[in-house]
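The values are calculated or read from the model by the stated rules, or taken from the named source; none is laboratory data. Since this is a predicted model, take the numbers as computed values, not measurements. Neighbour counts run over all protein chains shown; Cβ positions are idealised from the backbone, glycine included. Protein only, heavy atoms only, side chains kept; ligands, DNA and RNA dropped before computing areas. Shrake-Rupley method; radii C 1.70, N 1.55, O 1.52, S 1.80 Å.
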Amino acid sequence: EEEKEKEEPNIPGYMPSFQPFQSLMINEEEEYKMQQNNQDNKPMLNPMMLWLEQNQLLDLQSKLGGFSLDILLNLHSSNALSPMLMGMQLKQKDIDRVMKVLADDDISDDEEIEDDGRHPVLPLIIPNNCTYDAKKKKLITDTKIPRRSLKIYDQALKYIHDIREKIATISIVGKARTGKSLAAGELYGPQKIPCPFDLGNLMDACTYGIWISARPIKHPTEDDMVILVIDVEGTGAFDANKQHDMQLMVITLLISSYFIYNSKGAFDAPALDEIKFVLDLADNIKASPNDDGENFKKFFPEFMWLLRDVHLEPIIDGKKVSPTEYFTEKVLKSDGKLGRVAMEREQVRSAFIQMFKDYCAFTLPIPHAKKRVLSKLGIVPRSRLQPKFNEELKKFREKVIKDVQCKILFCESDAGDDQYIECRGSHLAALIEKCVEAVNNPDKVPEMSSISQAIMADHLRKTKKKAIKEYENEMENGLFELRGYKKEQPLDESQINSLHINIVDSVLNGAGKPLQPPKSLFDLEDEKESSDVDQQQFIVYKEFCHEIGHDSHLKDIGKSGILKNIKIENAKLSQKFCEEFVDQYYDKQIKPILDNSKDYDENAMSNTFQELEKKYFAQCKGPAKDECWKKFKVQRLDESLRNFQILKGFSEKLRQGQKEAAELRDKQRKMED
């Protein structure tokens with residue numbers, strides 16, 4: 001050891017080229033194994049080597065490889081690097097190269113890049129002792145109030161609720177200070193600088209609670225689907241505890257359709273310690289009241305393990321394999337070891353496989369060799385990062401965005417036919433509310449099936465209310481148009497029925513579409529043969545039909561609800577309109593004939609009656625039409641005709657007597673003459 005100390009330069013920050021760096025999270029035993037397996041005798045890619053390689057300074061490895069990047073930066077900042085390099089007998093052109101690279105890579109602490117606002121984010125769920133300042137876009141923590149529960153930021157929930165398309169959700173979780181927010185930002189806004197999700201450079205967590213992308217991403221293959229990205233507070237932060245971490249983990253798992261676990265290290269058996277949280281999930285989540293975890297696969301999201309700062313390719317038996325294959329064989333496959341630690345890891349394996357039906361793994365190399373740059377990744381242009389990192393980061397986004405599917409709600413059925421409901425904005429918003437309510441109650445364990453049924457019932461009630469409102473508006477507008485924009489004009493019931501049927505069909509294919517139960521349900525003799533969700537849907541559907549007055553049988557349409565009231569009002573209009581029509585016509589057309597019967601014959605009177613009947617049935621509508629005409633004909637029309645005939649007969653006798661008297665007078669005058 002004494003001889004070794006003499007051989008190595010005694011300079012602060014000096015680091016032997018093969019000493020494992022803390023940022024790579026590789027222990028000495030693993031480092032030794034990697035050296036032994038390095039059959040091509042290539043130099044190990046520690047951060048200094050990466051920095052030399054990406055800056056094309058590999059020819060200076062023998063001179064610079066023994067120094068840490070921090071010491072080079074410190075010497076550069078204090079203007080002591082150049083004299084030191086000269087003392088190492090570097091050529092001036094090489095000194096200039098090193099100085100230039102360090103100057104180009106240096107990032108000022110005061111450097112800020114203004115956000116263009118094209119990729120907004122919102123806090124969705126925050127600790128009870130936090131408030132969000134929308135103007136400053138900052139989360140404010142009241143340190144005087146202890147963190148005990150979670151609360152929802154209403155503006156973010158409303159934003160989700162108003163999304164009408166189907167929704168796929170991508171969440172990213174993991175330990176604090178492992179670069180989660182950069183990955184989340186890349187999924188949301190590729191190469192966006194600054195990172196949409198805030199990246200800090202302190203050792204405490206940058207993200208508190210759960211944040212969401214506030215601008216939907218169109219799914220690349222599904223037209224009626226958008227994607228939301230969720231960034232979650234890092235686990236293991238100094239100011240959090242296991243309860244806080246588990247609350248957020250439970251909510252995130254239940255609202256996600258794609259779950260990314262972000263970590264640094266290696267894919268090996270000890271890596272299972274990273275996901276020990278799966279052992280606690282069975283105590284904190286239930287699929288149904290009597291479930292023991294076997295149904296988790298039915299509603300848990302797809303799982304991706306994203307391993308960061310990886311510089312070795314996955315190899316099994318000398319053959320290169322995918323990260324997913326390596327993860328499956330080296331992490332999830334039982335190693336058969338005994339002992340307390342080995343048995344705990346075996347439990348983790350078993351729980352993971354039982355809970356996640358679909359899983360994969362992905363690796364990213366270290367983005368930059370210099371810690372100063374790593375601490376500023378949110379504002380560093382991608383051109384200044386390692387090309388391999390940029391290339392793999394692009395592949396990572398393409399894979400996740402392509403693979404993510406719609407978030408579904410799971411409902412267990414007593415009939416054995418499980419139900420899966422695709423989430424839209426209103427579903428997801430309700431799910432978030434139910435999950436937060438559940439995790440805030442220490443005596444309550446979220447049951448996915450019960451939550452889904454409650455959400456569906458609530459959603460159906462709201463949908464029914466919205467559908468009824470739309471039906472009322474459409475009927476009001478349709479009736480007004482049919483009446484020729486005259487409020488007092490009655491309609492035939494056949495017109496009202498036809499309008500009603502068309503509007504019901506339109507509503508049930510629009511706002512009320514979720515109300516439509518499966519057609520097969522109408523054929524069942526016993527509704528209990530159907531699933532719980534279908535039964536609930538059928539009940540609400542029948543309520544909707546009853547409240548608007550709809551029925552599958554035409555003769556029963558309008559016997560209840562809104563349509564019944566419409567028909568009652570129409571009957572009143574019909575009665576009033578018909579009576580006023582015949583009264584006015586009688587006064588204007590028939591009464592003058594009766595008053596001057598001597599000037600008209602029976603043909604004139606008959607023609608007037610026929611014209612009245614023709615106009616009456618052309619202009620008068622509604623259920624009162626026939627009864628009103630019958631009443632008018634019996635009480636007034638027939639009576640008027642009889643009166644006319646009586647009056648006409650009296651007038652004829654009078655005229656005949658007058659004629660005979662005149663003729664007699666003429667004869668008498670002639671005889672007298």
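Could you list, in sequence order, the residues of segment 270-280 that are open to solvent by less than 20 Å² (accessible area, probe 1.4 Å) and within 14 Å of PHE327 (Cα to Cα)?
Start the filter on segment 270-280 by keeping residues that are open to solvent by less than 20 Å² (accessible area, probe 1.4 Å), which leaves 271-272, 275, 278.
Hits for segment 270-280 are ALA271, LEU272, ILE275.
Any idea which of SER506, SER520, SER494 is at pLDDT below 90, in a helix (DSSP H, G or I) and open to solvent by 20 Å² or more (accessible area, probe 1.4 Å)?
When all the criteria are applied, what remains is SER520.
For residues in segment 292-347 being in contact (Cβ under 8 Å) with a residue 40 or more places away in the chain, assigned to a helix (DSSP H, G or I) and of a type in the set (Lys, Arg), which is least open to solvent (accessible area, probe 1.4 Å)?
Filtering segment 292-347 for residues that are in contact (Cβ under 8 Å) with a residue 40 or more places away in the chain, assigned to a helix (DSSP H, G or I) and of a type in the set (Lys, Arg), the one least open to solvent (accessible area, probe 1.4 Å) comes out as ARG345.
Identify, by number, the condition in (1) out of contact with any Gly (no Cβ under 6 Å at 6 or more places or on another chain); (2) among the β-branched types (Val, Ile, Thr); (3) crowded, with 17+ Cβ neighbours inside 10 Å that ILE539 doesn't meet.
(3)
Taking the stated definitions as given, is PHE299 under 24 Å from the mean Cα position of the chain (by Cα), more than 16 Å from CYS360 (Cα to Cα) and at pLDDT 80 or above?
Working: under 24 Å from the mean Cα position of the chain (by Cα): yes; more than 16 Å from CYS360 (Cα to Cα): yes; at pLDDT 80 or above: yes.
Answer is yes for this residue.
Of the residues PRO123, PRO146, PRO194, which is buried (at least 16 other Cβ atoms within 10 Å of the Cβ), assigned to a loop (DSSP other than H, G, I, E, B), at negative phi and in contact (Cβ under 8 Å) with a residue 12 or more places away in the chain? Spell out the reasoning first.
Values: PRO123 fails: assigned to a loop (DSSP other than H, G, I, E, B); PRO146 fails: buried (at least 16 other Cβ atoms within 10 Å of the Cβ).
Testing whether each residue is buried (at least 16 other Cβ atoms within 10 Å of the Cβ), assigned to a loop (DSSP other than H, G, I, E, B), at negative phi and in contact (Cβ under 8 Å) with a residue 12 or more places away in the chain leaves just PRO194.
Do you know which residues across segment 210-230 are surrounded by fewer than 17 Cβ atoms within 10 Å (Cβ to Cβ), more than 17 Å from SER426 (Cα to Cα) and either in contact (Cβ under 8 Å) with a residue 40 or more places away in the chain or of a type in the set (Gly, Ala, Ser) (or both)?
PRO220, THR221, GLU222
Name every residue in segment 126-143 that is touching a residue at least 40 places away in the same chain (Cβ under 8 Å) and among the aliphatic types (A, V, I, L, M), in order of residue number.
First, the residues of segment 126-143 that are touching a residue at least 40 places away in the same chain (Cβ under 8 Å): 126-127, 130, 139, 141.
Residues satisfying the conditions are ILE126, LEU139.
Wholly within segment 540-640, which helices (runs of 4 or more DSSP H) include no fewer than the required count, namely at least 1 residues that are aromatic (Phe, Trp, Tyr) and on the phi < 0 side of the Ramachandran plot?
Filter on segment 540-640 gives 561-585, 602-619, 625-632.
For residues that are open to solvent by 50 Å² or more (accessible area, probe 1.4 Å) and touching a Leu at 6+ places or on another chain (Cβ under 7 Å), tally how many sit in segment 348-368. Steps first, answer last, please.
Residues of segment 348-368 that are open to solvent by 50 Å² or more (accessible area, probe 1.4 Å), as a first pass: 350, 353-354, 357-359.
Keeping just the survivors that are touching a Leu at 6+ places or on another chain (Cβ under 7 Å) gives 353.
Matching residues across segment 348-368 total 1.
Just need a number here: residues in segment 243-266 that are in a loop (DSSP other than H, G, I, E, B) and over 16 Å from the mean Cα position of the chain (by Cα). Before the answer, list the steps.
Pass one, segment 243-266, residues in a loop (DSSP other than H, G, I, E, B): 256-257, 265-266.
Filter once more, so that each one left must be over 16 Å from the mean Cα position of the chain (by Cα): 265-266.
Looking only at that region, the number is 2.
Is it the case, given these coordinates, that LYS371 is open to solvent by 70 Å² or more (accessible area, probe 1.4 Å) and closer than 29 Å to SER257 by Cβ?
Numbers: open to solvent by 70 Å² or more (accessible area, probe 1.4 Å): yes; closer than 29 Å to SER257 by Cβ: no.
Considered against the rule, which asks whether it is open to solvent by 70 Å² or more (accessible area, probe 1.4 Å) and closer than 29 Å to SER257 by Cβ, LYS371 comes out as no.
Can you tell me which of (1) farther than 30 Å from PRO446 by Cβ; (2) open to solvent by 40 Å² or more (accessible area, probe 1.4 Å); (3) modelled with pLDDT under 85 is the one LYS388 doesn't meet?
Exception for LYS388: condition (3).
Mind listing just one residue for me: the one in segment 409-442 that is at pLDDT 80 or above and open to solvent by 50 Å² or more (accessible area, probe 1.4 Å) and, of those, farthest from TYR159 (Cα to Cα)? So that I can check it myself, show each step before the final result.
First, the residues of segment 409-442 that are at pLDDT 80 or above: 409, 421-442.
Filter once more, keeping what is open to solvent by 50 Å² or more (accessible area, probe 1.4 Å): 422, 424, 433-434, 437, 440-442.
Values: GLU422: 18, ARG424: 12, GLU433: 14, LYS434: 17, GLU437: 19, ASN440: 23, ASN441: 26, PRO442: 29 Å.
Only one residue tops the list, namely PRO442.
Pick out the one residue from SER560, SER552, SER597 that is more than 52 Å from the chain's Cα centre (by Cα) and not acidic (Asp, Glu).
Values: SER560 fails: more than 52 Å from the chain's Cα centre (by Cα); SER552 fails: more than 52 Å from the chain's Cα centre (by Cα).
Just one listed residue meets the conditions, SER597.
Just to verify a result, which residue in segment 393-408, among those that are part of a helix (DSSP H, G or I) and open to solvent by less than 30 Å² (accessible area, probe 1.4 Å), is farthest from ARG308 (Cα to Cα)? Reasoning before the result, please.
Filtering segment 393-408 for residues part of a helix (DSSP H, G or I) gives 393-403.
Next cut, open to solvent by less than 30 Å² (accessible area, probe 1.4 Å) only: 393, 396, 400-401.
Numbers: LEU393: 11, PHE396: 12, VAL400: 16, ILE401: 19 Å.
Result: ILE401.
Is it fair to say SER450 is in contact with a His (Cβ under 7 Å, 6 or more places away or on another chain) and open to solvent by 20 Å² or more (accessible area, probe 1.4 Å)? Walk me through it before giving the result.
Working: in contact with a His (Cβ under 7 Å, 6 or more places away or on another chain): no; open to solvent by 20 Å² or more (accessible area, probe 1.4 Å): yes.
Here the answer is no, as SER450 does not meet what is asked.
Please give the number of the condition ALA369 fails out of (1) hydrophobic (A, V, I, L, M, F, W, C); (2) closer than 16 Å to LEU253 by Cα; (3) part of a loop (DSSP other than H, G, I, E, B).
Unmet condition: (2).
Output yes when any residue across segment 542-565 is closer than 23 Å to CYS628 by Cβ, crowded, with 19+ Cβ neighbours inside 10 Å and among the β-branched types (Val, Ile, Thr), and no when none is.
no
Of these, TYR188, TYR159, which one is open to solvent by less than 10 Å² (accessible area, probe 1.4 Å) and either under 21 Å from the mean Cα position of the chain (by Cα) or at pLDDT 90 or above (or both)? Before the answer, list the steps.
Details: TYR159 fails: open to solvent by less than 10 Å² (accessible area, probe 1.4 Å).
The unique qualifying residue is TYR188.
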